[in-house]
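Enquirer: Here it is, the structure, as structure tokens.
Derivation of every value follows stated rules applied to the coordinates shown; laboratory data play no part. What you are looking at is a predicted structure, and each value in this text was computed from that prediction instead of being measured. Here the Cβ positions follow ideal geometry from the backbone for every residue, glycine too, while neighbour counts run over all protein chains shown.
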Amino acid sequence: MLFTRSGNNLSSLGDLPSFETAKEVCQAAFNETNTLYCFIDTPAFFLMLADLYKLPGDYSMGKNNEFLNLLFSILALGFYVKNKRHSKRNRSGDLISETRMEQGRKYFTCAKSAIDIFDCGTIPQLQTVLFLVFYLQSTAGLDICYSYIKLAQQSAFQMGLHLKIFWTIQKMDISMSAILGYPKILDLDTIDQEMPTEVFELNITESGVNGYPGAKWSVLLQASNAHMRLILILDKVIKYIYPNNRVGRSVNEASDTGHIVDHAIVREIEDDLQQWRQGTLKFLSLVYAHVQMMLYRPFLSYISGKAFACASAYFGVCQNVIQIMKELQERGLVIGPRWFMINITSFATLSLVYFNCQRTNLSRPSDLHSDAQVGHEATRVIAQRKRDACSFLSAFKVCGLPVWGIGC
């Protein structure tokens with residue numbers, strides 16, 4: 001077992017939580033990521049974790065602790081996730097206990113200070129960076145995420161393209177570009193890389209898939225690959241509908257904001273989405289709706305000719321997003337980074353408010369108003385802390401609209 005660590009990290013294994021707590025917290029982190037992002041062998045990880053805890057509590061790891069650094073990054077995310085799911089609130093809506101938040105920040109600092117982000121030469125180091133990205137996404141440190149993803153991309157190319165890690169980075173790159181409007185780091189048209197084989201790793205040997213077609217299929221990998229195929233459609237949306245976000249854009253091009261969208265491309269992407277949906281997994285319905293929102297949203301302010309149909313479809317998608325979020329909220333389910341769910345729900349809500357304000361014939365005003373209320377409340381609940389969503393909720397105040405009793 002290899003370990004790596006700098007002198008700024010925790011001094012000994014005695015600084016770790018108990019073995020049972022560590023397993024529980026790590027599992028919470030994996031529950032947050034493994035549904036859509038499969039880039040770590042969890043059974044092997046827990047075996048190595050058990051070996052680690054067999055060492056004396058005062059054992060100093062020295063300079064070789066790659067696995068320990070990976071553990072720190074997973075604990076950081078796990079403690080944050082557990083805090084968000086189980087902490088209680090006071091009357092003002094703030095969390096009563098900060099203990100788990102502080103533990104998460106401590107392990108994040110340890111993992112970050114223990115590795116050289118600019119020079120990751122092994123898979124455990126790259127996995128550590130990816131978990132740091134997930135932590136930053138959960139805590140809304142999105143600007144830093146973009147830099148980390150770019151560095152992870154460079155390291156992945158230098159090391160050779162490990163399929164699971166490579167595609168995880170592409171998901172992060174495309175999603176961040178779609179949400180934040182940043183240029184994509186990599187043009188996938190220049191890469192010919194297959195997706196991971198959808199079987200458990202124990203069935204894969206150097207000579208190929210062992211026992212195929214009798215190998216045991218991995219449901220998580222099937223879901224992850226389905227998610228990736230949907231993200232690739234989102235990448236196509238960015239390429240043709242949002243050209244400002246494409247790779248290698250020059251300064252002169254950036255100053256030219258005019259862009260004409262060929263509606264044949266819109267129909268082509270709609271066909272891609274329909275084909276993907278034939279084998280869709282229901283829990284990916286929110287990601288599917290997000291791709292639709294990205295496809296139709298530019299037509300929001302250009303209601304003329306063919307654009308009207310796209311604008312109408314956009315508002316239908318927004319209402320669908322609100323209903324999906326309502327169902328997830330009632331079932332207590334949160335899939336993927338919370339910043340994504342807050343963003344998509346808030347934009348859907350504000351779009352419905354905008355549509356309601358722009359209409360001259362309000363044939364169904366109560367439906368729009370109630371949907372907007374549901375979306376607004378869902379944003380607040382998902383954020384867990386009211387101040388996490390203030391940047392979105394304050395938009396209602398700017399419009400002079402009620403915030404339904406939520407103060408920021």
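Enquirer: Fewest first, what order do Val353, Val219 take by the number of other Cβ atoms within 10 Å?
Expert: Least to most surrounded, the residues fall as Val219, Val353.
Enquirer: Going by how many other beta carbons lie within 10 Å of each one, how would you line up Trp339, Trp276, fewest first?
Expert: In increasing order of surrounding Cβ atoms, one gets Trp276, Trp339.
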